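Okay, structure first, notes after.
The values are calculated or read from the model by the stated rules, or taken from the named source; none is laboratory data. In this text, all values refer to a predicted model and were calculated from it rather than measured experimentally. Note: ideal-geometry Cβ built from the backbone for every residue, glycine included; neighbour counts use all protein chains shown. SASA here: full protein model, heavy atoms, side chains in, ligands and nucleic acids out. Shrake-Rupley method; radii C 1.70, N 1.55, O 1.52, S 1.80 Å.
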Amino acid sequence: MALHLYNTLSRQKEPFVPLNPPYVGLYVCGPTVYGEPHLGHARAAVTFDVLFRYLRFLGYRVRYVRNITDVGHLEGDADEGEDKILKKARLEKLEPIEVAQRYTALYHQAMDALNVLRPSIEPTATGHIPQQIAMIERILERGYAYVVNGSVYLDVERYRQDFPYGILSGRQVEELLAGSRELEGQAEKRHPYDFALWKRAEPSHLMQWDSPWGRGYPGWHIECSAMSIHYLGVPFDIHGGGLDLVFPHHEAEITQAHACFGPEAQNQARFWVHNNLVTIQGQKMSKSLGNFITLQEVFSGKHPKLSRPHAPMALRFLFLQAHYRSTVDFSEEALMAAHRAYLRLMTAYERLLEVRPGSYSTWAVAPWREKVFAALDDDLNTAAALALFFEQVDFILRLRRQEAFLTPDDLALFQQTWREVLQDILGLLPVLQVERSKWNQTLNLLLALRRQARLEKNFALADLIRDRLQEMGVRLLDFPDETLWEWAE
Ligand SMILES: [Zn+2]
């Protein structure tokens, strides 16, 4: 089996074959840096971090481009409302670039905590104005856009004469018409579903650039087409993002690519990959519902829905336990369960590293390893891969107890698979060294006290220690010669 990815364009899983092996071009829509990073940012970043890590593991040379949107993203996601960064700057009395840099730094901090690797290139929209203008000029030359009062709009009706529109989202223009509202600035458009490539700026507008159409600023959609194509060519291998970006953002990107480069653009990217969203107790996360949770609030525990701080690895594990195309329902209970599962798995991994090889094997490692990679190859099914590791936790205990055996080669392959998949591909950090050593010392002290109590036939005290540890999520395993412990499920 080779890696298969679900392609939103074809609505099916397809074998992943790069256009120019061993190179792979991957573009993912990054954050609009006007507010603190939240659970939705983390889900997208972890999803594509695993894809990036796995492609590299498979031997590809990946150029991973993830942008920073620091201009042009309007409140309504379409051509309506105020620019999100400008609004924040106005409210906080800051320069727009101060807003962008502050929230970019907070985003990086949170992603580092989640062990999300930095992309190869992280371009900003404001740093690529000439590329965007060049693309818009070419779209105008080819007749797929028009200029009104210093703004440029993509002409969807004209485009539809030559290309199918709506191929990614499956939306029909007729549906769009029915859903469109009368909005400010819409009067300039020939059709309500045309969208802005460039917007004219009022003299008071804080972010504006010279262009062939006067002073203004780029539309949100053109940024991603221009930056992805500038660094990866067209078409490139994989374009990713959250499911909420399929329409209008990604549909507009495909339209722009065809309008600029013709049919050779081939949908801008060969694969369009989308991660599903995070819900909060079954509801969509939104500021208006009061269930909006930032990553800093998760890590610090300072949120009405949280009672204590949570480790970034618990959140990463919560996401990995689901398939990336399923929703993840966030709650403190789910997060704590994910943390216990993560600790249980990593403790088993540490115990595996202490196992000594035997002279024969009582179990075949290679077929199990194949199943693990088959799960990852099956559209990055991290949930199925993790389940295969959990199935081996008891086996590791038996290896450690010398009730089961692996030859040196089998043991090495088993240990290698745990390291490669858990650490290198899924990006799980080992339990913190400091945390572990303090915890181990305390636990060993309790186990020694319990052993002493049993020797003195004080079984009430021995049971008390066992029961209280059980409440803390630690299960004791008594053997005639020693007591081991593990994280309970
Ligand atoms: Zn984008």
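The helix-only estimate of mean residue ellipticity at 222 nm for the chain, built from DSSP H runs of length n ≥ 4 each weighted as -39500 (n - 2.57), is -13500 deg cm²/dmol after division by the residue total.
Each Lys and Arg Cβ is given +1 and each Asp and Glu Cβ -1; about its Cα centre, the range 279-425 then shows a dipole of about 580 debye.
For the chain, the share of alpha carbon pairs falling in successive 10 Å distance bins from zero is 4, 17, 25, 23, 15, 9, 6, 2, 1, 0 percent.
The spacing between the range 119-168 and the range 327-385, judged by their C-alpha centroids, is 46 Å. Counting only heavy atoms of the protein chains and using a 1.4 Å probe, residue 437 has close to 50 Å² of accessible surface. Here the dipole of the chain is about 1140 debye; that uses its Cα centre as origin and unit charges on the Cβ of Lys and Arg (positive) and Asp and Glu (negative). Each of 87, 284, 93 has its accessible area taken with a 1.4 Å probe; listed largest first, they run 93, 284, 87. Treating each Cα of the range 1-144 as an identical point scatterer and ignoring solvent, apply the Debye formula and state log10 I(q)/I(0) at q = 0.18, 0.19 Å⁻¹. These q points yield log10 I(q)/I(0) values of -1.18, -1.23. Here the label points at residue 460 and residue 190, each 7 Å from Cα along the C-beta direction, are separated by 9.0 nm in the simple model. Straightening the chain between residue 87 and residue 360 buys 91.5 nm, computed as 0.36 nm per residue apart minus the Cα-Cα spacing. Net charge of the neighbourhood of residue 23, taken over other residues with C-beta under 14 Å away and scored Lys/Arg +1, Asp/Glu -1, is +3.
Farthest towards the positive end of the charge dipole of the range 100-177, among the residues 133, 151, 121, is the Cα of 121, using unit charges on the Cβ of Lys, Arg, Asp and Glu. Descending by average beta-carbon neighbour count within 10 Å, the peptides 391-397, 111-117 line up as 111-117, 391-397, the highest first.
FRET efficiency for the residue 403 to residue 332 pair, using the beta carbon distance and R₀ = 41 Å, is estimated at 0.60. Between helix 220-232 and the chain there is an angle of about 70 degrees, using the helix long axis and the longest principal axis of the Cα atoms. Ranking 412, 23, 246 by Cα position along the charge dipole of the chain, where only Lys, Arg, Asp and Glu carry charges on their C-beta atoms, puts 412 farthest toward the positive end. Here the scattering of the range 257-412 is modelled by Debye summation over its C-alpha atoms, one equal scatterer each and no solvent; at q = 0.15, 0.16, 0.19 Å⁻¹ the log10 of I(q)/I(0) is -0.92, -0.97, -1.14. Taking Cα atoms only, the orientation of helix 408-418 departs from the longest principal axis of the chain by about 40 degrees. Calculation over all alpha carbon pairs of the range 433-487 in 10 angstrom steps from 0 returns a P(r) of 23, 58, 18, 1 percent. The distance between label points at residue 122 and residue 383 comes to 3.1 nm (points 7 Å beyond Cα on the Cα→Cβ vector). Rg and Dmax of the range 4-275, based on Cα coordinates, read 18.1, 52 Å. For an R0 of 45 angstrom, estimate the FRET efficiency from the Cβ-Cβ distance between residue 340 and residue 288 and round to the nearest 0.05. Plugging the Cβ-Cβ distance into 1/(1 + (r/R0)^6) gives 0.85.
Below 9 angstrom from the Cβ of residue 1, what's the summed charge of the other residues (Lys, Arg +1; Asp, Glu -1)?
Its environment carries a net charge of -3.
Measure nothing fancy, just the Cα-based angle from helix 96-113's long axis to the longest principal axis of the chain, in degrees from 0 to 90, nearest 10. Roughly 30 degrees between the two axes. Using the Cβ-Cβ distance between residue 14 and residue 391 with R0 set to 35 Å, the FRET efficiency works out to roughly 0.75.
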